[in-house]
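J.: Before we start, here is the structure in question, set down as structure tokens.
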Amino acid sequence: MARIKPQALLNQSKKKKGPARISATTIFLCNLVVVVIVLSLVATYRHWSQRSRNQPGSGASVLEDTADSFADSKKYDLPGYAILNTSKGYITLELYKDGSPMIVDKFLDLCQKGYFKGMPFHHVIKHYVIQAGHAQGLGAPEDWTAKGKLHSRLATSPKHEAFMIGTSKTGDSTGFELFITTAPIPDLNDKLLVFGRAIKGEDVVQEIEEVDTDEHYRPKSPVGIVDVTLKREI
């Protein structure tokens with residue numbers, strides 16, 4: 001076996017111990033991986049930051065939707081019918097909760113406070129209207145009858161037919177006038193606010209309409225509302 005010279009052995013040892021050289025391609029790929037990782041971390045941070053900022057707004061929206069739903073459900077739960085127990089019998093009223101919500105709310109509130117309990121019908125005009133509440137009403141009853149002579153010549157709206165329930169537009173805020181029409185009253189469209197209609201007990205309305213009155217259309221014998229019962233359904 002040929003002997004290796006010492007100088008050759010030294011050269012071989014240096015070649016084995018020297019560090020391997022890293023190519024430019026490897027360096028480029030490593031840097032690219034680092035950049036991708038950094039960009040991913042930045043994108044993830046921005047995503048979660050944006051989501052955390054949007055959460056309070058979403059919560060408010062949910063609360064608003066919940067409040068609206070609660071208001072709708074509360075409106076739905078309000079009584080839609082009132083039963084007047086009068087000295088002549090029962091009159092069932094359907095209330096226009098959607099068409100006249102403010103008037104209906106006031107009417108319901110007064111019913112719950114017992115405002116109508118024992119209230120008399122203080123004006124009765126045949127073939128026209130019966131009234132309970134404040135006596136001043138829509139003016140002198142004599143004026144109503146004079147105007148009432150025109151009703152047959154005028155076009156009428158369905159909401160002002162007979163057996164409609166209304167109150168005066170000129171009433172004060174402390175009281176409440178209750179009118180039940182016994183004939184169409186288009187001449188009072190600008191003064192009467194309709195908030196319901198009688199769906200049962202029309203014969204009772206007619207019986208009240210037929211009571212004897214004096215020259216001022218006041219019943220000679222007491223006739224009035226005993227109490228009021230509210231119903232959600234009938």
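The values are calculated or read from the model by the stated rules, or taken from the named source; none is laboratory data. Predicted, not measured: the structure shown is a model, and the values here were computed from it. FYI the Cβ positions are ideal-geometry reconstructions off the backbone, even for glycines, and counts take in every protein chain you see. When the accessible area is computed, the model is the full protein with side chains, heavy atoms only, and any ligands, DNA or RNA have been set aside. Shrake-Rupley method; radii C 1.70, N 1.55, O 1.52, S 1.80 Å.
J.: Take the range 210-225 and flag every residue that is open to solvent by 70 Å² or more (accessible area, probe 1.4 Å) and touching a residue at least 40 places away in the same chain (Cβ under 8 Å). Walk me through it before giving the result.
T.: Applying the first criterion (open to solvent by 70 Å² or more (accessible area, probe 1.4 Å)) to the range 210-225 yields 210, 212, 215-216, 218, 220-222.
Glu210, His216, Arg218, Pro222, listed by residue number.
J.: Further question: Return the residues of the range 183-199 that are closer than 16 Å to Leu84 by Cα and surrounded by 15 or more Cβ atoms within 10 Å (Cβ to Cβ); say none if nothing qualifies. Please lay out each step first, then the result.
T.: Of all residues in the range 183-199, those closer than 16 Å to Leu84 by Cα come to 195-199.
Passing the criteria: Phe195, Gly196, Arg197, Ala198.
J.: Determine if the range 137-157 includes at least one residue that is at pLDDT 90 or above, of a type outside the set (Gly, Ala, Ser) and out of contact with any Phe, Trp or Tyr (no Cβ under 6 Å at 6 or more places or on another chain). Give the derivation first.
T.: At the first step, the residues of the range 137-157 found to be at pLDDT 90 or above are none.
No; the residues of the range 137-157 include none that is at pLDDT 90 or above, of a type outside the set (Gly, Ala, Ser) and out of contact with any Phe, Trp or Tyr (no Cβ under 6 Å at 6 or more places or on another chain).
J.: Mind listing just one residue for me: the one in the range 168-181 that is among the β-branched types (Val, Ile, Thr) and surrounded by fewer than 22 Cβ atoms within 10 Å (Cβ to Cβ) and, of those, modelled with the highest pLDDT? Let's see the steps before the verdict.
T.: Start the filter on the range 168-181 by keeping residues that are among the β-branched types (Val, Ile, Thr), which leaves 170, 174, 180-181.
Next, only the ones that are surrounded by fewer than 22 Cβ atoms within 10 Å (Cβ to Cβ) stay: 170, 174.
Details: Thr170: 69, Thr174: 61.
In this case the residue turns out to be Thr170.
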